[in-house]
Structures are given as structure tokens and as C-alpha cells.
Amino acid sequence: TFQRAAKVAAQAREPASVAEAMSRAFLVEGDHIGRRADALRNRPFIELAVDLAGQPEALRASWLHHLAIILYEDPAEVEEAARSETEALAIRLRILPASHPYIYDSMETLANVEIQRKNFDHARQLLMQVLEARKASRGPRALSAVYTNLGVLEASRGHLLDALEWLQAAYDVSRANGKQNLHALFNIAGLHLNLGRARLAAKTFEECFEVYERRHKQSRDVADSLAFAGISWIHAGEIEKGRPLLVRGLEMGRTQ
């Protein structure tokens, strides 16, 4: 739908609308579907559309925010992600009302970037601000996402039991509201594996795989959950059960 919107906007010679539609398509493809490399191929065209539109501040902030989301998990790109989200946040603080949700979206992404950069105290400070704002304004789905990020933060600094508590809260909130927070569940599985609960980890990774496969059959998430299910079964001593899952996951991953 966003790609069709971009085409219509291009035919109407509306570069700002082209940039907005393509930027949103970029986020959906690279983050929600998980086809990061495919999304990044469109980066030069989005940046050209932003230039042609005259670099309006709101549009630039939105594009930089989406770009940071796609870049930050790659260690080679994390510093660019930090620069992009820092600029996006600065723009949004300047042009938006103080309680605007886009400000907290940028703060949350910047916190994720800071986790990758191992700036844990700054990341926690940002996430606690986001948590308080989301409690007041955006409901349980937003809370689940913040709890997940707090869990990832604690896991990254080696506090595995604290991380498990945050991530379980994230998953429970999502289930109570008719959703499955698979990012939280995937990280819960990883924590079980790190805590020596290999059999439980394997079953949880398999649950992730089943849901991911139903949602988007060719994403990296499908391959990773299957490969880690295999690794977990191998750690549990069930090598013949784990090996084919690991091999299949690795083969799927090579195609992403």
C-alpha cells in the first residue's frame, strides 16, 4: 500500500509524499517483515525524495528515525544509527509539543541504540522516561514494547534474571491483550538457553518459529528461531533432533 502511495505521489510530482510513503514502506519491509537488505536498497531513492522536498524538518526526522531502527542492530552501522536518531530526537523536541508520542518513539529507539553501544545507564534513563509516558498515553501494547527493551537492556548488562522478569511481563501483557510479542518470546528463549534450561529454550524457540512462519515465511526471524531451536536441542543432548533444525535454519538464513 505504501509503495502504491509513493507511485501515485510521484505521478503527482509531490516529493514530500513520495518520501513519506517510501520511508514507511522501508520501515515495514526492513523491520516488521525483517527483509533488511531489501529495504536498504531503497535508501538512496528515499533520501533523494527528501532532498527534492526541501528537507522539511518533520519529514527528515521521520526518515532518520526509520533509518536508525533498521541500522542499529548492525555493529558496523550503530554509530550512524546513533547520529540519525539523535538528530531525529533533536528535531522532534524542537518542533513538537513536549508530550508528543513521536518524541518518545525517538527516545525508545535511541535507548536501543545505546544498548548496542553499551551505554547502559543512558539507555535505562531513556527507557524509564518512555515507560512513564507510555503508561499515561498509549496503552498495553506500547507497555509491552518498553518492557521488552528493558529486558534486552538487562540481558545485555548480564542481569539475566532481571531480564527474564521484564521480558515475561512484556509477553504476558501482550497475551492478555490478544497479541503475541514474539520479540519478547524469542529473547525469553535465549535467556532460558543461557540459564541452562535447554529443553525449555528449544520448545520456546519452536513456538517462535511456528508463529513467525505463519506471519512472514521468508524473514530472518524464521531462520533464527529454527536455528536456535536446533542449538537448544543439541545442548539438551538430543543431537539427532537438533541437527536437522539447525541445518535447515542455517540454510534459510543464507537466503535472507
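The values are calculated or read from the model by the stated rules, or taken from the named source; none is laboratory data. Predicted, not measured: the structure shown is a model, and the values here were computed from it. Positions of Cβ are generated from backbone atoms using ideal geometry, with glycine treated the same way; all protein chains shown enter the neighbour counts. Heavy atoms of the whole protein, side chains included, go into the accessibility calculation; ligands, DNA and RNA do not. Shrake-Rupley method; radii C 1.70, N 1.55, O 1.52, S 1.80 Å.
Here the simple spin-label model places points 7 Å from the Cα toward Cβ, and for ALA58 and HIS122 these points are separated by 2.9 nm. Per-atom-type breakdown for region 95-238 gives carbon and sulfur 48% of the accessible area (1.4 Å probe, protein chains only). The distance between label points at SER137 and ALA5 comes to 2.1 nm (points 7 Å beyond Cα on the Cα→Cβ vector).
Once the Cα-Cα distance is subtracted from the 0.36 nm per residue extended length, the ARG41 to LYS179 segment shows a gain of 46.6 nm. Among the trypsin sites (Lys or Arg not before Pro) within region 159-242, those in coil by DSSP and having at most 12 neighbouring Cβ atoms inside 10 Å are LYS217.
Average accessible surface for region 208-256: 59 Å² per residue, computed with a 1.4 Å probe over protein heavy atoms with every protein chain in place. If you take all other residues with their beta carbon under 10 Å from the beta carbon of GLY253, and give Lys and Arg +1 and Asp and Glu -1, the sum is +1. Each label point was placed 7 Å from the Cα along the Cα-to-Cβ direction; for GLU238 and HIS159 their separation is 3.4 nm.
Length gained on full extension, ASN194 to ALA98: 30.5 nm, using 0.36 nm per residue less the C-alpha separation. Relative to the current alpha-carbon distance between LYS203 and HIS32, full extension at 0.36 nm per residue lengthens the span by 59.2 nm.
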